[in-house]
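Student: Below you'll find the structure I mean.
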Amino acid sequence: MEWQGYLSLALTVGALLVLALSRIGPHLVMMVVLIILSLSGILTSSEALAGFSNSGVITVAAMFVVAAGIHSTGGIDLLVNRLLGQPSTLRQALTRMFAPVVVLSAFLNNTPVVATMIPAIHAWSRRINIPSSKLMIPLSYTAILGGTLTLIGTSTNLVVNGQYQVLTGEPGFSLFSISAVGLPVALAGMLFIWIFFPRWLPDRDDKQIFGNLREFTLEVKVAETGPLVGKTVADAGLRHLQRVYLVEIERGGAIITAVPSEEKLHGGDRLVFAGDTEAIADLLRINGLVPSIAIGEDQHSTLNDSRAERRLVEAVVSPHCDAVGHAIRDAKFRNRYGAVVLAVARNGERIQGNLGNIRLEAGDTLLLEARPAFVSRQRYNRDFLLINELSAQSPRYEKAYLSWAILFGLVGVAALGLTSMLNAALAGAVLMIATGCCSINQAEKSLDLMVLVTIGASFALGMALEKTGVAAILAECLIEFGSGKPWLLLVLSYVLVSLLTELITNNAAAVLVLPIVLELTEKASLNNEPFIFAIIMAASASFATPLGYQTNLMVYGPGGYRFTDFLRVGLPMNCFIGCVTLAVLLVGWPLQ
């Protein structure tokens, strides 16, 4: 192996270590690797950038827009409301939930499906008197299983198919090729959930952690003729308080949100603070501030009133959020996002104490007060995996059926072979915009650029492994380790992808392993199809941790879970799905 091979191998190992041990985004890591491969001459510029023009990546982007069209028209809501009904037991509830989630996840990206379902399942669980902690993990796991049913079920399926076409020159797989594996695995997985999860999942009260705003906000009033009148917020000493901070000002019936430091105070202003509610005495010691509610008045928080100037939003913090690892005060939330944190919940419980000093972690649920533009700006932003607007505007339900027609139309033409999956997805995206199911702005926001950049850049590393002969050497090592036994090589391929998926993104894991597996099947004269399907299934089967798959993280806070809850149910789920997948592949496909 020449120096190019050693450098490619070093970059692969280095990228894996950085992704596993640091908070650096995978898109940044893979772009650095791409740049090094191009500058070193290992790849030509066209080879390094080939991933960004790959049909799989473009299809993923188009399907993001299609999913946005379904989401913005309330198409998911219509299906959910018709199918959930009024079950009397937990297992009946799980049975009713399985159908819509599996169907939706088979044709749409899992993230908008789960994001839309979370508030619906929350409301439904309260109505049928079943704790949401019994339903949220099954929601995420069912969405993951549903994504394995079709080629467009997850971005990983499309990306593997696209890279397979490039590396082999073969036409690739059809829309329902993976269904022969995905369907029995999904059915077995849902049966496993139905039998065991009612006993294994925690039974926690479905309390609304942000139900009573008065528990974590407090209000005072600026005295009509006091010394603070005419002073700015900063000059009045209200900007850098230790235990609380200013959220909004109510003045003359209007609301000033995300209050700037330069805002001047008026007599009679009602000031709303968030943080340690026991600090009310500290506030009232400030000369010029008086209690906002006189004795005998009804104690009513202004935040309970619906105002056009304000949005109350629940958001789950993503691992990619810039504020992760920083105290709220240091993260400059107000300036960065145009929003103010009212409260933080972790592991299903609200964190007490000094709000500004809380260090944010991935999976934290935040209650935010934001300006109206925040929701539209952040709905598809990677900083927050879930945006649940507590005073949400109604979707355009009149176009819901049209959006479904477009989706099923593109699936139909692709399944019948009338056009490629790429062309069908592009046509579907154009129709969503042209018919008004999805605005251009919504389409732009739906494009998850970090995912697309990660996938496109990962292709360069996969190509380098194949071009420099590293993939061939690693394949020979696997063949030797597997003693040349086809069934053992299939098991090793599945386990390798499964382990990498827990450390790095599922897309990157699949793209890195695919050239190695193709070399393995060629050298051992094996049928590569079951091995490709093993990669696809292993990349999706990430159940053991809340950070392993983004839908797991999305239900982490809303379900009130702890990390150990995922280990308790996810590790057996990982093992079971792996065994079923390998059994189906060994029985259904010849390995030689």
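Student: Take peptides 257-268, 521-532, 103-114, 143-154 and line them up by average Cβ neighbours within 10 Å, highest first, as a rough protection proxy.
Tutor: Ranked by mean Cβ neighbours within 10 Å, highest first: 143-154, 103-114, 521-532, 257-268.
Student: What share of all Cα pairs of segment 39-192, in percent, falls into each consecutive 5 Å distance bin?
Tutor: With a bin width of 5 Å, the distribution comes to 2, 9, 17, 18, 16, 13, 9, 6, 5, 3, 2, 1, 0.
Student: Tell me the mean residue ellipticity at 222 nm calculated for the chain from its helices only (DSSP H runs of n ≥ 4, each -39500 (n - 2.57), averaged over every residue, nearest 500). Walk me through the intermediate numbers first.
Tutor: Working: 24 runs with 317 residues, N = 592.
Taking each H run of at least 4 residues, the total per residue is -17000 deg cm²/dmol.
Student: A further question on this structure: Along Cα→Cβ, 7 Å out, is where each label goes; now give me the distance between the ones at residue 447 and residue 285 in nm to one decimal.
Tutor: 5.5
Student: Please compute the Cα-Cα pair-distance distribution of segment 77-127 with 10 Å bins starting at 0, giving whole percents from short to long.
Tutor: Result, from short to long distances: 24, 61, 15, 0 percent.
Student: Among 525, 100, 571, whose Cα sits farthest toward the positive end of the charge dipole of the chain (+1 at Cβ of Lys/Arg, -1 at Cβ of Asp/Glu, about the Cα centre)?
Tutor: 100
Student: Considering only 202, 43, 554, whose Cα is most displaced toward the positive end of the charge dipole of the chain, charges sitting on Cβ of Lys, Arg (+1) and Asp, Glu (-1)?
Tutor: 202
Student: Round to the nearest 0.05 the FRET efficiency obtained for residue 481 and residue 170 when R0 = 22 Å and r is the Cβ-Cβ distance. Don't jump to the answer; show the numbers that get you there.
Tutor: On the way: r = 27 Å, r/R0 = 1.24.
Step by step, r from the Cβ atoms, then E = 0.20.
Student: Can I ask one more? Considering the zone a paramagnetic label at residue 203 would reach in this model (a point 7 Å from Cα along the Cα-to-Cβ line), which residues of segment 544-563 have amide N under 20 Å from it?
Tutor: Zone members listed by number: 559-562.
Student: In a shell of Cβ-Cβ distance under 13 Å around residue 160, excluding residue 160 itself, what net charge do Lys and Arg (+1) and Asp and Glu (-1) give? Mind dumping the intermediate values first?
Tutor: Numbers: positive: none; negative: 170, 529.
Once all neighbours under 13 Å are counted, the net charge is -2.
Student: Something else about it: At 1.567 mPa s and 4 °C, plugging the Kirkwood radius over alpha-carbon pairs of segment 117-189 into Stokes-Einstein gives what diffusion coefficient in µm²/s?
Tutor: On the way: Rh = 14.2 Å.
Stokes-Einstein gives a translational diffusion coefficient of 91 µm²/s.
Student: Taking amide H positions as placed in the peptide plane 1.01 Å from N, state which residues far from residue 289 in sequence (5 or more) or on other chains have amide H under 5 Å from it.
Tutor: Residues meeting the criterion, in which the H sits 1.01 Å from N, are 223.
Student: Return the long-range amide H neighbours of residue 342 (sequence gap of 5 or more, or a different chain), with a cut-off of under 5 Å between placed amide H atoms.
Tutor: 367, 368, 369
Student: Quick check: residue separation of residue 592 and residue 123 times 0.36 nm, minus the Cα distance between them. What number comes out in nm?
Tutor: Roughly 163.7 nm would be gained on extension.
Student: With angles folded into 0 to 90 degrees, how steeply does helix 421-434 sit against the dominant principal axis of the chain? Use alpha carbons for both and round to 10.
Tutor: 30
Student: Would you work out which of 120, 162, 62 lies farthest towards the positive end of the dipole of segment 48-171? Charges go on Cβ: Lys and Arg +1, Asp and Glu -1.
Tutor: Going by the charge dipole, the pick is 120.
Student: OK, next. Taking the alpha carbon gyration tensor of segment 414-561, what are the square roots of 5 times its eigenvalues, largest first, to the nearest whole Å?
Tutor: They are 33, 21, 15 Å, listed largest first.
Student: Right, next: Once the Cβ-Cβ distance between residue 196 and residue 266 is put in as r, and R0 is 51 Å, what FRET efficiency do you end up with, to the nearest 0.05? Numbers along the way, then the final one.
Tutor: Details: r = 61 Å, r/R0 = 1.19.
Taking R0 as 51 Å, the efficiency between residue 196 and residue 266 is 0.25.
Student: Can you tell me the dipole magnitude for the chain around its Cα centre, using point charges on the Cβ only (Lys, Arg +1; Asp, Glu -1), in Debye to the nearest 20? Before the final figure, lay out the partial values.
Tutor: Numbers: 41 positive and 43 negative charges, 167 e Å.
So the magnitude is around 800 debye.
Student: I'd like the distance separating the alpha-carbon centroids of segment 123-141 and segment 519-565, in whole Å.
Tutor: For segment 123-141 versus segment 519-565, the Cα centre distance is 23 Å.
Student: Past 28 Å, Cα to Cα: identify those pairs from 264/332; 231/332; 264/445; 221/332; 399/445, in the order given. Provide the component values of the computation, followed by the final result.
Tutor: Details: 264/332 21 Å; 231/332 23 Å; 264/445 36 Å; 221/332 25 Å; 399/445 20 Å.
Table pairs above 28 Å Cα-Cα are 264/445.
Student: Apply the Debye scattering formula to the chain, with a single equal point scatterer on each alpha-carbon and no solvent, then give log10 I(q)/I(0) at q = 0.06, 0.08, 0.12 Å⁻¹.
Tutor: These q points yield log10 I(q)/I(0) values of -0.35, -0.60, -1.18.
Values quoted throughout were computed directly from the atomic coordinates according to the rules given, and no laboratory measurement underlies them. For clarity, every value in this text was computed on a predicted model and none was experimentally measured. So basically every Cβ, Gly included, is an ideal-geometry build from the backbone, and we count neighbours across all protein chains shown.
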